[in-house]
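Visitor: Supplied in structure tokens, the structure appears directly below.
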Amino acid sequence: PGTTQSHPDPTNVATSAYIPPPKPATYAGDKFAVKFEGLDFKEKWDSYFDLVRELSEYRIACKSRLPEGEPPYPFGLLNEAVRMMGLPILASSPKEVASILHSEKQTQNLIETVQKMEKLRFVNGTKQKKLDKKFLKALKLLQNEFYYFRMWLENTARDQVLIKPEKNIVSIDVVNASDLSMEEFVEKYAKLRRPVIIRGLNLTKNEWNFDHIAEKCGDKTVKLVGRVKNSLVWGSLAEMDRMKLGEFLKTYNTNDTRKSYYLHDWGLPSGCPEIFGEAPYSDFTIPKYFAGDYFQRVAFHNYQHSWPSLFVGANGTQSDMHVDSGGTHFWMYLLSGRKEWRFFDRDDEMLLYKSPSVSRYEVDIFEIDTKKHPLIKYARMFRGIQEAGDLVFIPAGNPHAVKNLADIHALSMNYVDSTNYYYTLQTFLNDHRHRLFEVFSRPGGFVHGLSKNQEDLTFGQFKSMDWNQIDLELA
């Protein structure tokens, strides 16, 4: 009584049906907040869809963290922004993508919506100026929503309404490849989005030490990155230098400047195909768990010849928390050294203090401050140490960070199969990579599934396998 406030207090968890006031919000401590006024039209377009996607996914994830009957956060500003622009998210979950593709009518509706969006995306002149102004209003609403939702989560946690996981910190399973069948890997780890460290694998015919790599690839020029703390770039890794790989291998752990550099995800099939040896290319082996990669079953896209890739870094180098692009699973095989990994499930991203529309997190998960970031206590963190000869599997969409505890070199691969197929399609769709979405979703475009009797494949077999001749029992 006596107040002139037209909206309930957004920090009061008891008023969960509130509609926050549409005015700029600030959130103390977010040094990565974007100033949308300085963005061009394309950047505003991308930021809008990034925010709509993130908030739509948080809306789904939020419901599972509340007791039955507890009213969820209403996301009123998200709804208002989408109504204002008339540009909804194309798919908010893998299940929704599957539903669309299994319905001829929904597929046709999707095609028509994409066509309308693409026309708007490339407007110019007066139409673009008008749309640009609308985007700016919508972006401010969405950014406000992002921060109000975070405040609501913190207050919900403070009032002990938010559900905590049984264990806040979980050790990553370590299993021997001889004890891990293809079917168990698919059902226990890949489908459940659970990381695992696999021991007892041998991926190379000869020892791929620095001498061997320098002999095969030393004259190739590579891009080197370094960690720039508080940077907005992906994983805080910015380009630092370019040089011959052989030179870097000789000096990466002795030169004071190059000690901070990192050879990150350098694609070997395109960068140094010689390393795979002569035909039939048996010097490298793809473990059976990842041999069913859909990127190898579909032609005419950029990912088919990107992996495996090479990583080299000195003791102490690291990447900040990030998510691998494209909705892909990822594995890394450590040839030498030691690494520490920390992961979260993608449904916990709303608890990790991600900055809106940029690939940055306020939380340093190697130096967690629960007073500053209290929601982190409600997320389940997987952590583990990877030794030389170990392979670590990172599920699609999982935020993760890694620190090198010794000088390392490693091989890695991003991939798609039946266990993350619809999540990858969701990512392609919402990133407006419509050509990739069409190529990978076209009916009859390629055979789907995995074989429970799958064996390891040499690199040559991996690149030439006729999947139409294989029994694929695992969906």
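Visitor: Residues in the range 89-97: is at least one open to solvent by less than 70 Å² (accessible area, probe 1.4 Å) and more than 19 Å from residue 327 (Cβ to Cβ)?
Guide: no
Visitor: Looking at residue 396 and the list (1) closer than 26 Å to residue 462 by Cα; (2) out of contact with any His (no Cβ under 7 Å at 6 or more places or on another chain); (3) buried (at least 22 other Cβ atoms within 10 Å of the Cβ), which single condition is not satisfied?
Guide: For residue 396, the exception is condition (2).
Visitor: Shifting gears a bit: Which one is farthest from the chain's Cα centre (by Cα), of the residues in the range 307-327 that are assigned to a loop (DSSP other than H, G, I, E, B) and buried (at least 18 other Cβ atoms within 10 Å of the Cβ)?
Guide: Out of the qualifying residues, it is 314.
Visitor: What single numbered condition from (1) within 26 Å of residue 168 (Cα to Cα); (2) open to solvent by 30 Å² or more (accessible area, probe 1.4 Å) fails to hold for residue 336?
Guide: (1)
Visitor: Scan the range 462-475 and give yes if some residue there is among the hydroxyl-bearing types (Ser, Thr, Tyr), under 27 Å from residue 183 (Cβ atoms), touching a strand residue (DSSP E or B) at 6+ places or on another chain (Cβ under 7 Å) and not in a loop (DSSP other than H, G, I, E, B), otherwise no.
Guide: No, the range 462-475 contains no residue that is among the hydroxyl-bearing types (Ser, Thr, Tyr), under 27 Å from residue 183 (Cβ atoms), touching a strand residue (DSSP E or B) at 6+ places or on another chain (Cβ under 7 Å) and not in a loop (DSSP other than H, G, I, E, B).
Visitor: Something else about it: Does the range 422-442 contain at least one residue that is open to solvent by 10 Å² or more (accessible area, probe 1.4 Å), modelled with pLDDT of 95 or more, within 21 Å of residue 49 (Cα to Cα) and touching a Pro at 6+ places or on another chain (Cβ under 8 Å)?
Guide: Within the range 422-442, one or more residues are open to solvent by 10 Å² or more (accessible area, probe 1.4 Å), modelled with pLDDT of 95 or more, within 21 Å of residue 49 (Cα to Cα) and touching a Pro at 6+ places or on another chain (Cβ under 8 Å).
Conditions tested, residue by residue: (1) surrounded by fewer than 17 Cβ atoms within 10 Å (Cβ to Cβ); (2) under 18 Å from residue 62 (Cα atoms).
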| site | (1), (2) |
| --- | --- |
| 100 | no, no |
| 105 | yes, no |
| 111 | yes, no |
| 120 | yes, no |
| 128 | yes, no |
| 142 | no, yes |
| 158 | yes, yes |
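Visitor: Filter the range 181-191 down to the residues that are in contact (Cβ under 8 Å) with a residue 24 or more places away in the chain and either in contact with a strand residue (DSSP E or B) (Cβ under 9 Å, 6 or more places away or on another chain) or open to solvent by 80 Å² or more (accessible area, probe 1.4 Å) (or both) and list them by number.
Guide: 182, 183, 185, 186, 189, 190, 191
Visitor: If you don't mind, there's one more thing I want to ask. Pick out, from the range 205-300, the helices (runs of 4 or more DSSP H) lying fully within it that include 2 or more residues that are farther than 30 Å from residue 186 by Cβ, out of contact with any helix residue (DSSP H, G or I) (no Cβ under 7 Å at 6 or more places or on another chain) and open to solvent by 20 Å² or more (accessible area, probe 1.4 Å).
Guide: 210-217, 245-251
Visitor: Could you please give the count of residues in the range 173-191 that are of a type outside the set (Gly, Ala, Ser) and farther than 19 Å from residue 389 by Cα?
Guide: Going through the range 173-191 one residue at a time, the tally reaches 8.
The values are calculated or read from the model by the stated rules, or taken from the named source; none is laboratory data. Everything numeric in this text was worked out from a predicted model, so none of it was measured. Reconstructed Cβ throughout: ideal geometry from the backbone, glycine too, with neighbour counts over all protein chains shown. The area values use the complete protein model at the heavy-atom level, side chains included, leaving out ligands, DNA and RNA. Shrake-Rupley method; radii C 1.70, N 1.55, O 1.52, S 1.80 Å.
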